[in-house]
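Student: The structure is given below, and queries will be raised subsequently.
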Amino acid sequence: MKLNLNGIWDFHPDDGDRGYPVMVPTWWDSLPETTGYPDSWSRDLHHGVYLREFFLGALDPNEDVILHLDALATLGRVSINAIQVGPPSTGGYLMTLLPYDLDVTRAVHAGRNRMRIEIWGVKSLPADALAPAEGPGRLLFPFGTENIVGRLGLGGDVWLGSRPRVRIEDMQIIPDLGGDADPSNDRLELNATLTNTSKHPCPGWSR
């Protein structure tokens, strides 16, 4: 299953009542003459909310539903049907310009669903992003990157896909040439990250 969520989203500057149709992917502070967005967004807007409804057919119980976000800036949070789906390691926040594949299986259902993506610029970061529980020495936002990027919003592709609940999540291949030119003693070491989100154990696998 793959559902492309690029296209027109309902955008609410500063999480206000009035919504505007915006194209995803685009940065909301791009040049107004290229986007048609209000000129003030490129100068003064540092917080916004994207809303989008989508429809899913019957879900396969043997698959996880994955939300892919290619790039947002500067800091974001995602919820589907009012359930937060961001990584727990960062308090649910998505960090600037990193691609994310989020397991949203627990948040979606067959039928109509509603997604909310809230994004903050560096001038309006939430207090818990600036001073997380781990202490002020561990900031979620790497200062300086926004000055380089100079863009705010959803600037990358957004889509939903599915993956088997029992799968190889990641693979690392390490070559060892034995320190010489003899191919007979060359070796490859394979390290695989295996994921099993099903309710059934698999022989030789661990959760």
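The values are calculated or read from the model by the stated rules, or taken from the named source; none is laboratory data. These numbers come from a predicted model, not from an experiment. Neighbour counts are summed over all protein chains in view; Cβ atoms, including those assigned to glycine, are modelled from backbone coordinates with ideal geometry. Surface areas here come from the heavy atoms of the whole protein model, side chains and all, with no ligands, DNA or RNA. Shrake-Rupley method; radii C 1.70, N 1.55, O 1.52, S 1.80 Å.
Student: Can you tell me the accessible area per residue over segment 19-135, all protein chains present, probe 1.4 angstrom, in square angstrom?
Tutor: Solvent-accessible surface per residue comes out at 46 Å².
Student: Another question, then. Does segment 153-207 come out rounded, prolate or oblate, given a ≥ b ≥ c as the square roots of the eigenvalues of its C-alpha gyration tensor, rounded meaning a/c under 1.5 and, failing that, prolate meaning a/b above b/c?
Tutor: In terms of gyration-tensor shape, oblate.
Student: I'd like to compare 113-120, 155-162: which one has the highest average count of other Cβ atoms within 10 Å, and what's the full order after that?
Tutor: Result, highest mean first: 113-120, 155-162.
Student: Roll a 1.4 angstrom probe over the protein heavy atoms and tell me the percent of accessible area of segment 52-128 that is carbon or sulfur.
Tutor: Percent of accessible area from carbon and sulfur atoms in segment 52-128: 54.
Student: Work out the length of the dipole vector of the chain about its Cα centre, built from +1 on the beta-carbon of each Lys and Arg and -1 on the beta-carbon of each Asp and Glu, and round it to the nearest 20 debye.
Tutor: 760 debye
Student: Given the chain reduced to its alpha-carbon atoms as identical point scatterers, what log10 I(q)/I(0) does the Debye formula return at q = 0.14, 0.17, 0.18 Å⁻¹?
Tutor: Summing over Cα pairs of the chain leads to -0.91, -1.17, -1.25.
Student: Order of 4-12, 38-46, 92-100, 22-30 by packing, highest average Cβ count within 10 Å first?
Tutor: For the peptides 4-12, 38-46, 92-100, 22-30, the packing ranking is 22-30, 92-100, 4-12, 38-46.
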